Every structure is written in structure tokens, then in C-alpha cells.
Amino acid sequence: MSQRKRLSNTQSSSQNKRQSSSSVTQEEDEDATFTQPSTSQVQRGLEKLTPAQVDQKTAEVVQYFLMKDQKKIPVRRADLVKYVVKDYRTIYPEIIKRAARTFEQVFGLKLVEIDPKHHMYILVNNLETATSRAAPVECPTNPKMGLLFVILSVIFMKGGTVKENLIWNTLKKLRVDPGQKHEEFGDVKKVVTDEFVRQKYLEYLRIPHTEPVEYEFRWGPRADAEVSKARILEFMGKLHEQDPRSWTQQYREAHATQNSS
Amino acid sequence: MSRQLGDGHRRFLQTMMGVYIIDELKAKALYQYCCETFKMQCAADRLDEFIETINLKLQPMFMQVRKGMSEENGHQYYALVNTAETDITRMTSDYADNELELFRKTMDLIVGSEKGTASSTDILNSTDTMTSKKLKKSETEHLLTRLVQDKWLCEKRGEYTLSTRCIIEMEPYIRSMYQDQVKMCHICHNVAFQCQICENPSCGIKIHNPCVARYFKGKMEPQCPACDDFWPHEIPEVRGLRSQSKK
Ligand SMILES: [Zn+2]
Ligand SMILES: [Zn+2]
């Protein structure tokens with residue numbers, strides 16, 4: 001089976017770096033063939049390996065996650081097993097456990113499974129981000145994150161789901177026209193409906209029984225894990241010079257979910 | 001002094017993962033900021049110790065915060081580097097095979113040159129001898145822009161040099177790949193690209209421009225520290241810490 005796949009990817013090397021998202025269905029088949037090893041299988045697998053081998057594999061997994069996280073691409077278990085874990089798949093649960101511990105203890109990041117069905121993982125910052133004074137060295141924030149923040153705010157304030165037209169109209173008011181090439185974001189519509197969706201910040205879903213076809217936006221699982229609703233409310237409060245508490249429903253939601261995350 | 005990693009260390013590391021390289025002044029400011037934010041003890045002269053604590057935990061992940069000097073201004077910088085192999089592993093996720101080949105060729109040109117530079121024309125011409133898929137002119141230009149953006153190369157008026165990040169990260173690779181070609185600075189003993197060379201043919205030592213500035217400062221009759229011959233080059237001025245160019 002892997003032979004066939006190799007052939008279909010001839011232009012890239014076997015250490016495939018640029019995974020295209022077009023082969024999703026095929027990857028899903030692959031994932032179905034991976035069954036989570038049992039505790040006793042893991043135990044037996046570990047006995048056959050030296051601690052150094054396990055450490056080495058854990059390091060590779062950590063590096064793979066960090067590399068994907070730079071571009072905010074979620075990691076699929078199927079890819080992880082196929083490209084990194086490989087022959088160590090019998091001890092996969094142990095390796096993931098160690099990688100998660102490393103992210104937490106060394107990098108201040110949390111490994112989160114955002115899609116239990118398709119086994120997708122992301123890294124979320126574990127450290128308090130709101131601080132009293134500005135950091136002397138700021139990480140170069142992706143300018144697209146401002147765009148994303150606006151969209152997430154609109155969705156949140158409108159109760160969780162909005163039709164796409166509302167988003168496009170909001171952006172137009174901010175002089176970001178989805179029909180035109182933006183000098184900083186490029187193809188705005190593509191960034192919003194493709195890039196943000198692939199990164200799991202947004203969900204872009206067809207509304208059933210609409211003619212012509214209409215779509216709506218929702219928060220994606222990465223946004224749920226990463227973006228503070230309380231901060232969005234704070235931002236809206238400043239923008240509208242209004243007490244965040246005046247949006248009762250949103251305020252309740254923002255502060256109810258905050259404790260759990 | 002505890003060797004335990006705290007949130008201050010973690011925030012420092014997170015910032016390094018975003019910027020890859022910072023100069024010493026910024027590193028000190030960041031260190032102080034991280035300590036204050038996470039209520040840790042902070043002593044101005046403890047930065048290297050603080051980084052050592054991070055490195056201890058990073059080592060099993062084949063990563064390291066490494067210190068090195070900028071050939072441009074002589075200041076110290078800290079870079080987050082990959083120690084997995086001496087090859088250009090960190091770049092393999094961001095660049096295609098033929099792009100990496102051209103980068104290697106650019107390194108060849110820079111290492112082989114006297115002044116540690118390669119002109120865009122020479123780089124463009126070197127695509128003729130590529131063994132992987134040949135890059136077109138426009139692709140090469142685009143690649144060079146990306147390499148500068150990603151802080152692997154620096155560019156000034158069409159001349160390319162290895163960036164400080166590149167030199168810090170790839171020093172072991174450069175030392176092993178270009179054993180016969182690469183020379184160390186006579187003063188600081190690091191690899192030297194942008195430098196001055198002793199004109200005595202039986203000597204020919206190299207000294208970084210900033211090391212020249214520091215070594216010969218205030219000397220009326222500059223002499224080569226190895227052969228005592230007259231040092232004929234213009235002695236650059238020592239550049240102050242505050243006048244640092246943004247990199
Ligand atoms: Zn030197
Ligand atoms: Zn000499």
C-alpha cells in the first residue's frame with residue numbers, strides 16, 4: 001500500500017516535507033489501519049529498545065511538532081506515525097506521553113488533541129500571555145492574526161455562528177475586500193476560507209438546503225483552545241467604550257470556559 | 001543556584017523560537033522581563049547561567065541556545081540552533097532540495113571568496129552547474145529574498161554574506177565541510193569570513209573587521225600579531241553597543 005502512495009508522490013522525496021492536504025481521504029484510510037497499541041504491547045515494545053533509542057525518537061517527534069507549529073499546521077496522527085514514529089509504532093502512546101511532558105516542562109506548551117475522531121494535535125501556549133508591560137522582544141506576529149482576531153470576535157459576539165456575508169461585509173468596512181488582492185494578506189478569501197480552516201482556527205460549513213449555496217463560519221478547535229474569549233470581550237469593550245459585562249451572555253460564556261481551559 | 005526550569009525560562013525559550021536570534025542587549029532585557037513576569041530572581045550577570053539551565057533541558061531535543069559574534073559589528077548574539085546533525089537539517093523543512101543545493105553553492109562561493117561575500121551574478125551563474133532541478137532566474141531571486149528574510153543570508157548592494165545566525169548555527173558544519181578553505185580569526189578563534197588578511201604571503205592570517213578594530217585601537221603603527229609585518233589595511237572604528245543596526 002505504501003508502495004502505491006510512494007509512486008503517486010514522485011516529485012517529492014520519500015522524506016516528504018510538503019504534505020498536500022488533497023490526499024486527505026487516502027490518509028484517513030491509512031489512519032484506520034493504525035490501531036492504538038495496548039499497554040502490554042507498549043511494555044513489550046519498550047523492553048526491546050534502549051532508553052537512548054526511545055529518547056531519540058521522542059526528540060524527533062518533538063521536532064516534528066515544533067516544525068508544524070511554526071506554520072500552525074495541526075499534526076495528524078497518521079502522518080506522525082508514517083513519517084516519524086515509523087518502526088516504533090508499538091510504543092506510540094509512550095512516545096506521545098513523553099513528548100507531551102517535554103512540551104509542558106521545557107517549552108511551556110500544551111499538546112492538545114483537537115479532533116479525537118481524526119486524531120489531530122496542536123500545541124497551545126501554556127504560559128500566561130497577558131502581562132503588565134510589553135516584552136522587550138516581540139515575536140514577529142503574523143499580520144494575518146489581526147484579521148483572524150476580528151473574524152473570531154464577530155463570530156463570538158453574534159453567538160457562535162455567522163453567515164459568510166456578514167464576515168465579508170465587516171472586512172470590507174475595514175478596507176479588506178475579499179474580492180481584491182490585499183497587499184499584506186494576498187487573496188483574502190483564500191486566507192480566511194482555506195488557510196484559517198486548515199489551521200483549525202475556523203470552520204467554514206455549507207448551510208444545508210440553501211439555493212444558491214450559502215456558507216457559515218464558526219470557531220475551529222484551535223481557536224477554542226488558544227483564544228481567550230475574555231480577551232475578545234475586553235477588546236470589544238474598549239472598541240465600543242462599553243463595560244464587557246453589559247454583554248451578559250458573552251460575558252458568562254467567556255468566564256465559564258476560562259476556568260476549564 | 002537551582003537548575004530547575006521555571007516559566008521564565010520557558011518564556012525566554014518561546015521567544016527565541018519566534019525570533020531565532022537576538023543580540024546580547026536584547027537578551028539581557030528579555031531575561032529581566034521573563035524573571036519579573038514570572039517572579040523569579042534575576043541578577044544582571046547571570047544571563048549565561050540562565051541560558052545554561054535552558055540548554056540542559058534542550059540538549060536531549062538536539063537544540064541549543066548558542067552564543068556567537070556578529071562579523072558585522074562585533075557584538076555578541078544568542079541564536080537558537082539545531083544540533084541534531086552538522087548538516088543543514090533545520091532548513092530541510094522550509095526549503096526544497098534544489099533550493100538547498102543552491103544555498104550550498106552560495107556557501108561555497110562565500111567561503112571560497114577572499115572577503116566572505118558572493119555577488120548575485122555569481123550566484124545566478126552557479127545555477128548552471130546544479131545537479132537537481134535547475135532554478136530559473138526569477139526563482140533564484142525569490143529564493144535569495146527568502147534566505148535573507150529567514151536570516152540565513154545578509155545582502156548589501158547585491159553582495160551576499162552569511163548571516164550571524166547562519167554562522168552560529170552552521171559553524172560545526174562549515175568547519176568540517178570546508179576544512180581546507182576556512183580560516184579562523186587570529187584574535188577570537190572563530191571562523192572568519194568578513195575580515196582583513198595579512199599581506200605577508202608567508203603569513204596571511206585573518207582577523208574579523210570588528211576584531212581588527214578592537215585589537216588595533218589606539219595603536220599608531222599597526223603590526224600583524226602573527227608576523228609583526230606592517231598591517232596595511234584601514235582600521236575600522238570600534239562600534240558602540242547602542243548604535244546597533246537592526247537585524
Ligand atoms: Zn575575530
Ligand atoms: Zn602576518
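The values are calculated or read from the model by the stated rules, or taken from the named source; none is laboratory data. Model, not experiment: these values are computed from the prediction. Cβ coordinates were reconstructed from backbone atoms using ideal geometry, including for glycine residues, and neighbour counts include every protein chain displayed. Surface areas here come from the heavy atoms of the whole protein model, side chains and all, with no ligands, DNA or RNA. Shrake-Rupley method; radii C 1.70, N 1.55, O 1.52, S 1.80 Å.
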(Q) Can you compute the charge dipole magnitude of the protein assembly as shown about its Cα centre, using +1 on each Lys and Arg Cβ and -1 on each Asp and Glu Cβ, nothing else charged? Give it in debye, rounded to the nearest 20. (A) 1020 debye
**Q.** Selection from A:Y64, B:C224, B:A84, by position along the positive dipole direction of the protein assembly as shown (Cβ)
**A.** A:Y64
**Q.** About the Cα centre, charge dipole magnitude for segment A:123-261 (Lys/Arg +1, Asp/Glu -1 at Cβ), debye
**A.** 100 debye
**Q.** chain B: relative contact order in percent, alpha carbon pairs under 8 Å with at least 6 residues between
**A.** 15 percent
(Q) How big is the dipole moment of chain B about its Cα centre under a simple scheme where the beta carbon of each Lys and Arg is +1, that of each Asp and Glu is -1, and everything else is neutral? Debye, nearest 20, please. (A) 820 debye
(Q) Between segment A:149-181 and segment B:1-26, what is the separation of their alpha carbon centroids in Å? (A) 36 Å
Q. Which lysines have a Cα less than 19 Å from the Cα of A:K173, not counting those fewer than 8 places away in the same chain?
A. A:K144, A:K158, A:K163, A:K181, A:K189, A:K190, A:K238
**Q.** Computed lengthening from A:R206 to A:E128, 0.36 nm per intervening residue step minus Cα-Cα distance
**A.** 24.5 nm
Q: With unit charges on the beta carbon (Lys/Arg positive, Asp/Glu negative), name the residue among B:N209, B:L153, A:T193 whose Cα is farthest towards the positive pole of the charge dipole of the protein assembly as shown.
A: A:T193
Q) Counting only protein chains, not ligands or nucleic acids, how are A:R44, A:R101, A:R76, B:R165 ordered by accessible area (probe 1.4 Å), most first? A) A:R44, A:R101, A:R76, B:R165
Q: Name the residues whose placed amide hydrogens come within less than 5 Å of the amide hydrogen of A:Y215, ignoring near sequence neighbours (fewer than 5 apart) on the same chain.
A: A:E164, A:I207
**Q.** Cα centroid separation - segment B:27-55 against segment B:137-197, whole Å
**A.** 30 Å
Q.
For peptide B:20-32, what's the mean number of Cβ atoms from other chains within 10 Å of each residue's Cβ?
A. 1
Q.
Under the rule of at least 5 residues apart or a separate chain, name every residue whose amide H is placed under 5 Å from the amide H of B:K134.
A. none
Q) Any idea of A:E138's accessible area? Nearest 10 Å², probe 1.4 Å. A) 120 Å²
Q: Any chance you could check the Cα centroid distance between segment A:207-261 and segment B:208-223 for me, in angstrom?
A: 62 Å
Q. Between A:M145 and A:L46, what length comes free when the chain is fully extended (0.36 nm per residue of separation minus the Cα-Cα distance, one decimal in nm)?
A. 31.4 nm
Q | For residues of A:64-77, the mean tally of beta carbons on other chains within 10 Å | A | 1
(Q) Students sometimes get this wrong: rank A:T50, A:T58 by accessible area, probe 1.4 Å, all chains present, largest first. (A) A:T50, A:T58
